[in-house]
Amino acid sequence: MTIDFGLRISDSGPGANPQSGKGGGGILEQNRLWAPWRIPYIRGLEKNDECFLCHDLAHPEEDVKNLVLWRTGRSIVVLNRFPYNNGHLLVAPARHIAELREASEEEMLELVKLVRESQRALSLAIHPHGFNVGLNFGRCAGAGLPEHMHIHIVPRWEGDTNFMSVCSDTRVISQSLLDLLDELKRVSAEHGLPAL
């Protein structure tokens, strides 16, 4: 058994290569990554009683706790608590709707403008080299909250987490969510964002 950095445990089976530290079990080799910070997300999947976006919209007094960057009459922008990468934002309509066809023209326009403004704020704050922007409809398509549509904005950097992702299907988040929220709020105030 090999323990790397106290986080990953690799079980080495018969035929292990002691020089490489890798097990020789091929498909029988098992790797574990301990990620206890994911349990709130997993437990949240079992609850269908409250939408976290609707909760955030209803409680402006908890904006820092809920990682809300911006709110408007039609929309909300929040940091993803379980980010794919540093700066991962969610842009959602204020109305609890699941599909694009349910959104009004005004809501659609504001959502797209907020994607633009989110990219601008992230560029000013953390200087990514690019972005992934997308939507997932239905749990089978990757939607963690299929009842309330939202747009993902994921900042990317050249070579950002490729080594960890490719070698161990692991992502590295380089900044705390509260520090990033403070930084995004600062650049937003300095640059008058969101400019809708």
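The values are calculated or read from the model by the stated rules, or taken from the named source; none is laboratory data. Note that this is a predicted model, so its numbers are computed, not measured. When we count neighbours, we look across all protein chains shown, and the Cβ atoms used for this are built from the backbone with ideal geometry, even at glycine.
Observations on the structure shown:
- Of the residues making up segment 74-88, at least one is within 20 Å of the chain's Cα centre (by Cα), among the charged types (D, E, K, R) and closer than 19 Å to His148 by Cα.
- Reported count of residues in segment 81-129, each being in contact with a Phe, Trp or Tyr (Cβ under 6 Å, 6 or more places away or on another chain) and part of a helix (DSSP H, G or I), is 1.
- Matching residues, segment 149-192, being modelled with pLDDT under 70, of a type outside the set (S, T, N, Q) and in a helix (DSSP H, G or I): Phe163, Met164, Val166, Cys167
- Qualifying residue in segment 127-134 (condition: out of contact with any helix residue (DSSP H, G or I) (no Cβ under 9 Å at 6 or more places or on another chain), hydrophobic (A, V, I, L, M, F, W, C) and either loosely packed, with under 15 Cβ neighbours inside 10 Å or within 14 Å of Pro83 (Cα to Cα) (or both)): no
- Residue count for segment 130-142, restricted to those that are in a helix (DSSP H, G or I) and modelled with pLDDT of 95 or more: 0
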